[in-house]
Amino acid sequence: MNAAIWAHPWDIIDEGSEAVAERLLDIGITEVNLATTMHSVQTLNPHNPERKTFFADASAYFQPDESRYGELVPDVNETMGDADWLAEIANGLETTPVSLNSWTVPFHSSKQGRRHPQTTLENPFGDSLVWGLCPSNPDVREYGTALVAELADRGDVDGIEMELADFQYGTGYGWHHQEFFTRLGGLGEFLFGLCFCEHCQANAREAGIDVETARESARNGLEMRFEGGISHRTDVAGWLAEHPSLARYVGTRKAVVTDLFDEFAEQMGALPFGYYLKMGGLGDDRMGVEHSWKHGLDLDALSEPLDYVTVLAYHSDPTVVRDDVRTARSLIDVPVNVGLLAGHPIVDSRASLVAQAEAAAEAGAEKLSFYGYGVVPERNIEWIRAAIDAAARI
Ligand SMILES: [Zn+2]
């Protein structure tokens, strides 16, 4: 079974591409999923020889050809200066057997959102959600498509894996100090991030949907949740079934995402197109793959543009990992890989990571991807070796 590992550019630049490749091959990893465009992040780097932490605003780790872009252009990472980390790493790995995938997060960018507030998600009350760009917005679609095309044309990578190129929602994945002193629950999180920008509204009107009624339902649902009129445990699908205009409004988003992914696939040409199924939450709050519709993902339809998916099964219980892989395999007709978080708070021992890898392999995962090279301690890298060995015996 093939195994991959996620990496931030500084993980590899600081240690040197060849040294990293040697170490990865030693533990059985043959692919690196390298962040090329990412959300804001602060990492703890336990075994980095140059630094123990790194903060990056939402940014790109290559020098874009700005002539390819429209309103939105990739934000070059400030620390990188004139360098091109993607090219450096690709060159460094070229002489090794380790292949390189682009890990591309196009629309989760508080920096783009601040610069281009008209392109962000707009909640039912009309507030801009600065951390997320709306995939219905033509400028956002142009940006995503140009980004994918440039990454493919540069020739640095062997495949492109995307994350959060769909309808994100909720409170923004904790990128800043948040003061949410009301328990939103699943329904509140969903409605709070449901986009009512002019483009989403126009798509729905074209489909014959009563947008005002839909929006009123979303506002009422949130206000009732704020005041405790409905439980934080309210089932989203069940509640939507009682609000048919809003349910139909939510449904129109699927075609928006599928069309965009078709465009991405076209721009990638022969490069494999992978997508991460990440439904939000960690541990017991984590949602399974069956919630993918909340992001506007129509997994059946996406079997066409996608070459594979990676389920981010970040849960300490191996039976949840197994169910996630099985569910994904039942919903989409492409190979299903699994992403395992090889560190705190999901994994606290070699045995727990091994059990997760075994469960994923038993459920039919075709590849293991581990999170992540620079952010777990040396000890956990050895656990990854054990997990790969264990999965290979399944
Ligand atoms: Zn929108």
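Across the range 319-361, what is the total count of residues that are among the β-branched types (Val, Ile, Thr) and open to solvent by 50 Å² or more (accessible area, probe 1.4 Å)? Let's see the steps before the verdict.
Initial filter on the range 319-361 (among the β-branched types (Val, Ile, Thr)): 319-321, 325, 327, 332, 334, 336, 338, 346-347, 354.
Then keep just the ones that are open to solvent by 50 Å² or more (accessible area, probe 1.4 Å); that gives 319.
Here the count works out to 1.
In the list 106, 117, which residue meets the criterion of being within 16 Å of the ligand (Cβ to nearest atom), surrounded by fewer than 22 Cβ atoms within 10 Å (Cβ to Cβ) and not aliphatic (A, V, I, L, M)? Reasoning before the result, please.
On the way: 106 fails: surrounded by fewer than 22 Cβ atoms within 10 Å (Cβ to Cβ).
The conditions single out 117.
Restricting attention to the range 120-133, report how many residues are more than 13 Å from the ligand (Cβ to nearest atom) and either among the β-branched types (Val, Ile, Thr) or under 22 Å from residue 34 (Cα atoms) (or both).
2
Would you please name the residue that is nearest to the ligand (Cβ to nearest atom), looking only at residues in the range 200-212 that are closer than 14 Å to residue 243 by Cβ and surrounded by 15 or more Cβ atoms within 10 Å (Cβ to Cβ)? I'd like the intermediate steps shown before the answer.
First, the residues of the range 200-212 that are closer than 14 Å to residue 243 by Cβ: 204, 209-212.
After this cut, where a residue has to be surrounded by 15 or more Cβ atoms within 10 Å (Cβ to Cβ) as well, the list is 204, 209-211.
Working: 204: 10, 209: 14, 210: 17, 211: 12 Å.
Result: 204.
Assess whether residue 387 counts as being aliphatic (A, V, I, L, M), open to solvent by less than 10 Å² (accessible area, probe 1.4 Å) and within 20 Å of residue 20 (Cα to Cα).
Values: aliphatic (A, V, I, L, M): yes; open to solvent by less than 10 Å² (accessible area, probe 1.4 Å): yes; within 20 Å of residue 20 (Cα to Cα): yes.
Against the criterion (aliphatic (A, V, I, L, M), open to solvent by less than 10 Å² (accessible area, probe 1.4 Å) and within 20 Å of residue 20 (Cα to Cα)), residue 387 qualifies.
Would you pick out the residues in the range 343-388 that are charged (D, E, K, R) and in a strand (DSSP E or B)?
Keep residues of the range 343-388 that are charged (D, E, K, R), which gives 348, 350, 358, 362, 366-367, 378-379, 382, 385.
If the condition is that a residue be charged (D, E, K, R) and in a strand (DSSP E or B), then 367 is the only one that fits.
Considering the range 253-286 alone, what residues qualify as being open to solvent by 30 Å² or more (accessible area, probe 1.4 Å) and at pLDDT 95 or above?
First, pick out the residues of the range 253-286 that are open to solvent by 30 Å² or more (accessible area, probe 1.4 Å): 254-255, 259, 262-263, 266-267, 269-272, 278, 281-282, 284-286.
Listed by number, the residues that qualify are 254, 255, 259, 262, 263, 266, 267, 269, 270, 271, 272.
Quick one: residue 94 ticks every box in (1) open to solvent by 10 Å² or more (accessible area, probe 1.4 Å); (2) touching a residue at least 12 places away in the same chain (Cβ under 8 Å) except a single one, so which number is it?
All conditions pass for residue 94, except number (2).
Under 6 Å between Cβ atoms, at least 6 apart or on separate chains: pull out the pairs that start in the range 1-24 with a residue that is more than 20 Å from residue 339 (Cβ to Cβ) and end on any residue that is of a type in the set (Asp, Glu) and surrounded by fewer than 24 Cβ atoms within 10 Å (Cβ to Cβ).
14/50
Residue by residue, here is whether (1) more than 16 Å from the ligand (Cβ to nearest atom); (2) closer than 23 Å to residue 253 by Cα holds:
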position	(1), (2)
178	yes, no
186	yes, yes
194	no, yes
221	yes, yes
228	yes, no
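Filter the range 134-160 for residues that are away from the ligand (no atom under 16 Å from the Cβ) and hydrophobic (A, V, I, L, M, F, W, C) and give the result. Write out each step before concluding.
So the first thing to find is which residues in the range 134-160 are away from the ligand (no atom under 16 Å from the Cβ), and the list is 145-160.
Once the filter is applied, which keeps residues that are away from the ligand (no atom under 16 Å from the Cβ) and hydrophobic (A, V, I, L, M, F, W, C), the range 134-160 yields 146, 147, 148, 149, 151, 152, 157, 160.
Step by step: first the residues of the range 225-240, then only those that are under 20 Å from residue 123 (Cα atoms) and not in a loop (DSSP other than H, G, I, E, B), then the one that is most open to solvent (accessible area, probe 1.4 Å). Which residue is that?
226
Go through (1) open to solvent by less than 60 Å² (accessible area, probe 1.4 Å); (2) under 26 Å from residue 117 (Cβ atoms); (3) part of a loop (DSSP other than H, G, I, E, B) for residue 177 and report which single condition fails.
(1)
Given (1) β-branched (Val, Ile, Thr); (2) closer than 23 Å to residue 279 by Cβ; (3) in contact (Cβ under 8 Å) with a residue 24 or more places away in the chain; (4) away from the ligand (no atom under 16 Å from the Cβ), where does residue 171 come up short, assuming only one miss?
That leaves (3) as the condition not met.
Output the number of the condition that residue 164 fails; it satisfies all remaining conditions of (1) within 16 Å of the ligand (Cβ to nearest atom); (2) within 25 Å of residue 309 (Cβ to Cβ); (3) not in a loop (DSSP other than H, G, I, E, B).
Result: residue 164 passes all but (3).
The values are calculated or read from the model by the stated rules, or taken from the named source; none is laboratory data. Because the structure is a prediction, the values reported are computed rather than measured. Note: ideal-geometry Cβ built from the backbone for every residue, glycine included; neighbour counts use all protein chains shown. Quick note on the areas: whole protein, heavy atoms, side chains included, nothing else; ligands and nucleic acids left out. Shrake-Rupley method; radii C 1.70, N 1.55, O 1.52, S 1.80 Å.
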